[in-house]
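The values are calculated or read from the model by the stated rules, or taken from the named source; none is laboratory data. Remember, it's a predicted structure, so these values are computed and weren't measured experimentally. With ideal geometry, Cβ positions are generated from the backbone for all residues, glycine too; neighbour counts draw on all protein chains shown. We work out accessible area using only protein heavy atoms, side chains counted, and drop any ligands, DNA or RNA first. Shrake-Rupley method; radii C 1.70, N 1.55, O 1.52, S 1.80 Å.
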Amino acid sequence: MITKQRPPVIQVQNLVKRFGNFIANDNLNFDVAQGEIFGFLGANGAGKTTAIKILCGLMTPTSGQISVAGFDVYRQTDQIKKQIGYMSQKFSMYEDLTVKENFQFYGGIYGLSNIVIRERTAEMLDKLQMSGIKNKTLNEIPLGWKQKLAFSVAMIHRPLIVFLDEPTGGVDPITRRQFWEMIYEAANNGITVFVTTHYMDEAEYCERVSIMVDGRIEALDTPKNLREQQGVSSMNEVFIKLARKQNLNNG
Amino acid sequence: MINPHIHIEGLTKSYGNEKALKALSVDIAKGELFGFIGPDGAGKTTLFRLLATLLLPDSGSAEVLGYDTVSGYKEIRKQIGYMPGKFSLYQDLSVEENLNFFAGIHGTTLQENYHLVQDIYQHIEPFKNRRAGKLSGGMKQKLALSCALIHQPKVLLLDEPTTGVDAVSRQEFWEMLKNLKEKGITVVVSTPYMDEAALCDRVALMQKGSVLKINTPQQITAEFGHALFSIRSDTMFKLLGDLLQLENTHAAFRFGDTIHFTSHNKEETSQSIANNLIAQGHHNVVVEPVLPTIEDCFILLMKMENNA
């Protein structure tokens, strides 16, 4: 939640994105605070990916005032990209590079010096207790480990905001929880975490959750308030209640 | 089991040094809705490809509808419907063209077998001229299921049909599977979502190519063997740390908006745990005994396996 101590790092006002006649984002309004874990939920095709691309400076909105890390999404996309990190389940690291090479590659892209890359790589691998595998290629490593490494790589340049797009898909339940421990730690250090997931128990771990339906934000609040507003006992029920009507309309 | 629809014995498959499936044995009855539950790397896709006669086992055997997957593959292919994990329909054919294609290669037509797919197909029929590649995730999944059903298979093999699909579409999909099962079709499905296990008649919990347990979901949760408590306080992050430090803690992990906790001390009660936490400065402590879910059981079994 936005407070004096925790200023907004993402500000979205009247965001609209059209593709021809199709409105992917229909007047979105929300702010995300520094150090907040913000859950960005919605049904498939609700418009989440479009919104994330705009916030990452990869796509220009049709209209609206949007700033990320204090930079404007129309004109200052290069500055935005330096201040954010991104990882997804589908693509995060190069499978045929080693762990060390992946850190070097991403660090290099963000313009870090070799000394800084070496220091941060050592520090992060040490914390993950994965120093022993730094010379293994990614395709030799189990998925759960990979996702933890990918999260670290996404933060090698110490971004203000990290975008996680279904970071735990297909990951076993123990590793999934360890991954969330890492998210909490990042947020405790003041990094803003913007996360999507299809696991509704993970929605409960977020400080606030927005639920997109058919291009619009249908609800945005703490998990507790959302449950109370909808008169149900879990985020799964909240989600199904809000998303179901639309889903029936579209087949 | 007498005359199972699927009979698997010691089925093993490696890729190089990687053991993808380790001596799996299980029987699946006619008309059963059977789930293989586990994370990526559990061996689910390898198993489905073996059953669909697309891979040869290293050792062990599998029979589908009484035919061996190696010597009887031609018969099996006629009588099963297989929906691979990766969307594998023709993206540049329309919805209707895809269905006609799959009907055609099995020597039937959409008109002839319309009744078989009607319940599912009618959801996407309004979009029948749209190219498959342009469908949303939920609609792709319904088309893929229709294509797997069009030749009236006796056994359906669905490899992770709900992965990456939102909670609403997942719920609808499981309702469809229940209807298919009621028509007498044997439905074998895999999923990484633990909550979907409860919707199956029986499940195999899998990890790293091995089976942790096979049983009904009810029996698996009944065999959990520990008193499970759901705990909440004002400071959840601190709560987890404090619970892990308690003398008799067996396990503590986040579970939605609460922490699930088990103790080595069989005398432990909600009250004794709450007192302990209040003494450590927690406010608004709520401790309730709860029934374990499949995910609780999976975590416990994983821990036992990892410690073994």
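How many lysine pairs in the range B:28-139, separated by 8 or more positions in sequence or lying on different chains, have Cα atoms less than 22 Å apart? Walk me through the numbers on the way to the answer.
Numbers: B:K30/B:K44; B:K30/B:K74; B:K30/B:K78; B:K44/B:K86; B:K78/B:K86; B:K86/B:K128; B:K86/B:K134.
So the count works out to 7.
The stretch between A:N188 and A:Q129, if pulled fully straight at 0.36 nm per residue, gains 19.2 nm over its current Cα-Cα span.
Among residues other than B:G31 with Cβ under 14 Å from its Cβ, the summed charge is +2 (Lys and Arg +1, Asp and Glu -1).
DSSP finds beta bridges in the range B:6-221, and of those with both partners inside it, around 55 percent are antiparallel.
Kindly state, to the nearest 0.05, the FRET efficiency for A:Q178 paired with B:K183, given R0 = 30 Å and r defined as their beta-carbon distance.
On the way: r = 42 Å, r/R0 = 1.41.
So the FRET efficiency works out to roughly 0.10.
Geometric descriptor of the range B:60-216, per residue, is 128 Å³ (volume of the convex hull of the Cα atoms). Here is the P(r) of the range B:171-299: all C-alpha pair distances, binned every 5 Å from 0, give 2, 10, 18, 17, 15, 12, 10, 7, 5, 3, 1, 0 in whole percents. For the range A:92-230, the Stokes-Einstein estimate of translational diffusion at 25 °C and a viscosity of 0.890 mPa s comes to 150 µm²/s, using the Kirkwood hydrodynamic radius over alpha-carbon pairs. Between A:Y94 and B:Q111, the simple label model (points 7 Å from Cα in the Cβ direction) yields a spacing of 5.6 nm. Note on chain A: Cα convex hull, mean projected area over all directions, 14.3 nm².
If R0 is 51 Å, the Cβ-Cβ spacing of A:N29 and B:N306 corresponds to a FRET efficiency of close to 0.65. Among beta bridges identified by DSSP and lying wholly in the protein assembly as shown, the antiparallel ones come to about 60 percent. Peptide A:170-183 is shielded by partner chain Cβ atoms: per residue, an average of 5 of them sit within 10 Å of its Cβ. When DSSP beta bridges are restricted to pairs lying wholly in chain A, around 55% turn out antiparallel.
In the range B:225-291, what is the volume of the convex hull around the alpha carbon atoms, normalised per residue and reported in Å³? Before the final figure, lay out each step's value.
On the way: hull volume 5.1 nm³, N = 67.
Spelled out: Cα convex hull of the range B:225-291, divided by residues, is 77 Å³.
Calculate the dipole size of the range B:6-221 relative to its Cα centre from +1 charges on Lys and Arg beta carbons and -1 charges on Asp and Glu beta carbons; express the result in debye to the nearest 20.
Details: 24 positive and 24 negative charges, 53 e Å.
For this selection, approximately 260 debye.
The range B:94-182 has equivalent-ellipsoid semi-axes of 19, 16, 11 Å, by the square roots of 5 times the alpha carbon gyration tensor eigenvalues, sorted largest first.
Let's see if you can work this out: charge +1 on each Lys and Arg Cβ, -1 on each Asp and Glu Cβ, no other charges. What is the dipole magnitude of chain A about its Cα centre, in debye to the nearest 20?
Numbers: 28 positive and 26 negative charges, 72 e Å.
That gives chain A a dipole magnitude of about 340 debye.
Ignoring ligands, DNA and RNA, how do A:V116, A:V68 rank by accessible area with a 1.4 Å probe, largest first?
Working: A:V116 45, A:V68 0 Å².
Output order, biggest surface exposure first: A:V116, A:V68.
The fraction of Cα-Cα pairs per 10 angstrom bin, counted from 0 for the protein assembly as shown, comes to 3, 16, 25, 27, 20, 8, 1, 0 percent, rounded to whole percents.
Taking 10 °C and 1.306 mPa s as conditions, chain B diffuses translationally at an estimated 74 µm²/s according to Stokes-Einstein applied to its Kirkwood radius (Cα pairs).
When the Kirkwood radius is taken over all Cα pairs of the range A:11-107, what Stokes-Einstein diffusion coefficient follows at 4 °C and 1.567 mPa s, in µm²/s? Numbers along the way, then the final one.
On the way: Rh = 15.0 Å.
Taking Rh from Cα pairs, D becomes 86 µm²/s.
For A:K48, B:K266, write out the residues from largest to smallest accessible area, computed with a 1.4 angstrom probe and no ligands counted. Show your work: numbers first, answer last.
Numbers: A:K48 30, B:K266 180 Å².
If we order A:K48, B:K266 from most to least accessible, we get B:K266, A:K48.
Please grab the % of Cα pairs in the range A:1-49 that end up more than 11 Å from each other. Percentage above 11 Å: 72. Taking the Cα centre as origin and putting +1 on Lys and Arg beta-carbons and -1 on Asp and Glu beta-carbons, what dipole magnitude results for the protein assembly as shown, to the nearest 20 debye? So the dipole magnitude of the protein assembly as shown works out to roughly 1240 debye. When nucleic acids and ligands are ignored and a 1.4 Å probe is applied, A:V73 ends up with an accessible area of around 0 Å². The label-point distance for B:E175 and A:F105, in a model that sets each label 7 Å from Cα toward Cβ, rounds to 4.4 nm. Here the gap between B:I278 and B:K238, fully extended at 0.36 nm per residue and compared with their Cα-Cα distance, gives a gain of 13.1 nm. Applying a threshold of 25 Å to the alpha-carbon distances of A:K53/B:K140; A:K224/B:K208; A:K134/B:K13 flags A:K224/B:K208; A:K134/B:K13 as lying beyond it.
Determine the equivalent ellipsoid of the range B:1-71 by diagonalising the alpha-carbon gyration tensor, then write out the semi-axes as square roots of 5 times the eigenvalues, largest first, rounded to whole Å. Each step should come with its number before you reach the end.
Numbers: eigenvalues 80, 41, 19 Å².
Output for the range B:1-71: semi-axes of 20, 14, 10 Å.
Within straight-line reach of A:K146, meaning a Cα separation under 16 Å, sit the following aspartates and glutamates at least 8 residues removed in sequence or on another chain: A:E95, A:D96, A:E101, A:D126, A:D165, A:E166, A:D172, A:E181, B:D40.
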